[in-house]
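Participant: One structure is given below, represented as structure tokens, and several questions about it will come after.
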Amino acid sequence: MLFNSWVFLAFLAVVFALYYGVIGRLPWRGMAQVLFLVAASLVFYAYENPWLLILLGTSLLINGLGTRLLISESPGQGQRRRVLAALVILNLAGIAFFKYASLLANTLLPGTALDGLLPMLHDIPLPIGISFYTFEGLSIVIDAYQRRVKGFEPFRQDIREGKEWRFQSRIWLFMTFFPHLVAGPIVRAHDFVHQIGHKRLREIDWAGAVRCLITGFFLKMVCADNLKEATALIDPPHFEGLSSLTLLALLYGFSFQIFADFAGYSLIAMGLARLFGYQFCINFNFPYLSASLTEFWTRWHISLSTWLRDYLYIPLGGSRRGAARTYVNLFLVMFLGGLWHGAAWSYAVWGTAHGIGLAVERALRGPDGRPKPRAGGGLKRWLGIFITFNVVSLLWLLFKLPDFSDVLAYVKALGRGTGGIAPQTAYLLAVFSAPVILYHAWGGAGAFRERVRQRAGTRVIRLVEGVLLAVLLFLILTNSGSPGAFIYFQF
């Protein structure tokens, strides 16, 4: 069920009305609201393919029971390690089979063994959202094993009071809550579980919810969905014969499109969560203002980058074991992060390129890993932003063109230095990229924004914001592109 569909709008209206108008008035209404949200989330997930509930239900059962055992005080350390190992293997086995079986068979098996196997492996459907809820399952069992205090007190209280159903329902809601279920952001248990409880209509952060929803739908439906009409020319054989200027403009257009698409989804998810009384952490922080790849990964898909940092980079040793090991860790984390995005070596190359870039930047820093102070920071920062944006945009080709030969042909065509750009293509790219550029410009004008707030006053700011949101809503209704699935659904 797509967020940008009339079916979802009807689903949301019914769930919202029942959640506050009926379920919220029942006895034991806190637990009733939690179980109702779990049930609604399962309906949302199973709308197009009910068989997917088998895999999701298995994940809930494994991680729920495993977390219960790891949090309790009864097992010894040796048994806890074995339980954790089993849970990690079971979580990864599902994603390995459904997402990577074909890639692993192509890589590891001899050609003659693939004749009858490959067609079957290619026909294995990729369960939507499996990467996201698998990572969330891994995070909760690892945190439970390490007995992290932050955020886990509600779990411990349930165990002390013998309330197994309440314990499991918290885990089920954490993993299935429909705003983040199929395409993130990747929610962490310690950020979410303490929020679970009875929610009241009067407590809704309406201003924040509306702001996130309108901005998110505008980025997705107006910017991303219109840009995809132009960036379809990147696909072969359409790009063959196009001028260098057109190819470069299309590359930038796709860079803006993928941001608008995924950042738009994340904002919609944040807005939906607020409607039901929950807060998600920010997932994008104006990433195209980054002056380095290191900074880019603190601003882009923050929930994934922090997950990789906490559960992969730091356990591997992080930067604590010398320069060489740090570079290897950066490379390995980004290589695996690339593979997380898809079962193709093009994604691994994308991650590897980012990993090499991070390692090079690390090598150029001071002994403490921080950037060396430089004179003329303003000009050099803008140069860094320009270089980083171009590197990131070029690497997005590996997302758009999974065949390496097509990527090489596209890059070769970029160097031809020929011709202009068709007016219709230029119009589409310019008009629907402009809001993304302005969005980042506003995000980078922190000092200016603060001066405006101080001089204009709260009432004027709210009025201007209301007018702007009304304009965006009008554009959503009148200028949306042809509906399309979110790009990150495939991951």
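Participant: Taking 0.36 nm per residue of separation and subtracting the Cα-Cα distance, what length does fully extending Phe404 through Leu312 add?
Facilitator: Residue separation times 0.36 nm, minus the Cα-Cα distance, leaves 30.3 nm.
Participant: Have a look at Pro236, Ile437, Leu56 and report the one farthest towards the positive end of the charge dipole of the chain, computed about the Cα centre with Cβ charges (Lys/Arg +1, Asp/Glu -1).
Facilitator: Ile437
Participant: Could you check the simple spin-label distance between Leu245 and Val467, using points 7 Å along Cα→Cβ, in nm with one decimal?
Facilitator: Between Leu245 and Val467, the label points sit 3.6 nm apart.
Participant: Also, quick follow-up: What ranking do 340-352, 320-332 get when scored by the average of other Cβ atoms within 10 Å per residue, highest first?
Facilitator: Top of the packing list down: 340-352, 320-332.
Participant: Would you calculate, for the chain, the mean residue ellipticity at 222 nm contributed by helices, counting each DSSP H stretch of 4 or more residues as -39,500 (n - 2.57) and dividing by all residues, to the nearest 500?
Facilitator: Calculated mean residue ellipticity at 222 nm is -21500 deg cm²/dmol.
Participant: How large is the direction-averaged shadow of the alpha-carbon convex hull of segment 277-334, in nm²?
Facilitator: Quarter of the Cα hull surface area: 4.8 nm².
Participant: When Lys and Arg each count +1 and Asp and Glu each count -1, what net charge do the other residues less than 14 Å away from Met221, Cβ to Cβ, add up to?
Facilitator: Net local charge, Met221 excluded: -1.
Participant: Right, here's the next one. What value does the chain have for Rg/Rh, both radii from Cα atoms and Rh as Kirkwood defines it?
Facilitator: Radius of gyration relative to Kirkwood radius: 0.97.
Participant: Lys/Arg Cβ at +1, Asp/Glu Cβ at -1, dipole of the chain taken about the Cα centre: which of Ala46, Gly208, Leu92 is farthest positive-ward?
Facilitator: In the chain, that residue is Gly208.
Participant: Taking the Cα centre of segment 215-333 as origin, work out the dipole magnitude from +1 charges on Lys and Arg Cβ and -1 charges on Asp and Glu Cβ, in debye rounded to 20.
Facilitator: Dipole magnitude for segment 215-333 comes out near 640 debye.
Participant: Quick one: work out Rg over Rh on the C-alpha atoms of segment 254-392, Rh as Kirkwood radius.
Facilitator: Result for segment 254-392 is an Rg/Rh of 0.99.
Participant: How many percent of the alpha carbon pairs in segment 388-474 exceed a separation of 16 Å?
Facilitator: Of all Cα-Cα pairs in segment 388-474, 74 percent lie more than 16 Å apart.
Participant: Give me the mean projected area, in nm² to one decimal, of the convex hull enclosing the Cα positions of segment 164-265.
Facilitator: So the Cα hull casts an average projection of 9.1 nm².
Participant: Take peptides 221-231, 80-90 and line them up by average Cβ neighbours within 10 Å, highest first, as a rough protection proxy.
Facilitator: By packing density, highest mean first, the sequence is 221-231, 80-90.
Participant: First compute the accessible area of segment 138-288 with a 1.4 Å probe, then give the percent of it belonging to carbon and sulfur atoms.
Facilitator: Summing carbon and sulfur atoms, their accessible area is 61 percent of the total for segment 138-288.
Participant: To continue, here is another question. Arranged from highest to lowest average of other beta-carbon atoms within 10 Å per residue, in what order do the peptides 305-314, 284-293, 20-29 appear?
Facilitator: Ranking, from highest mean packing down: 284-293, 305-314, 20-29.
Participant: In vacuo Debye scattering of segment 439-491, one point per C-alpha: log10 I(q)/I(0) at q = 0.14, 0.21 Å⁻¹?
Facilitator: Evaluating at q = 0.14, 0.21 Å⁻¹ gives log10 I(q)/I(0) of -0.61, -0.89.
Participant: OK, next. Using only the alpha-carbon atoms, what does segment 332-491 span along each of its principal axes? Please give whole angstrom values in decreasing order.
Facilitator: So the extents along the principal axes, rounded to whole Å, are 53, 48, 36.
Participant: Additional query: Please report, in debye to the nearest 20, how large the charge dipole of the chain is about its Cα centre when each Lys and Arg carries +1 at its beta carbon and each Asp and Glu carries -1 there.
Facilitator: 2000
Participant: Also, I was wondering about something else. Could you state the principal axis extents of the C-alpha atoms in segment 6-88, from the largest down, to the nearest angstrom?
Facilitator: So the three principal-axis extents are 50, 33, 13 Å.
The values are calculated or read from the model by the stated rules, or taken from the named source; none is laboratory data. Please read these numbers as outputs of a predicted model, since none were measured by experiment. Using ideal geometry, Cβ is built from the backbone for each residue, glycine included, and neighbour counts are taken over all protein chains shown. To get the accessible areas, we keep the full protein, side chains included, count just its heavy atoms, and leave off ligands, DNA and RNA. Shrake-Rupley method; radii C 1.70, N 1.55, O 1.52, S 1.80 Å.
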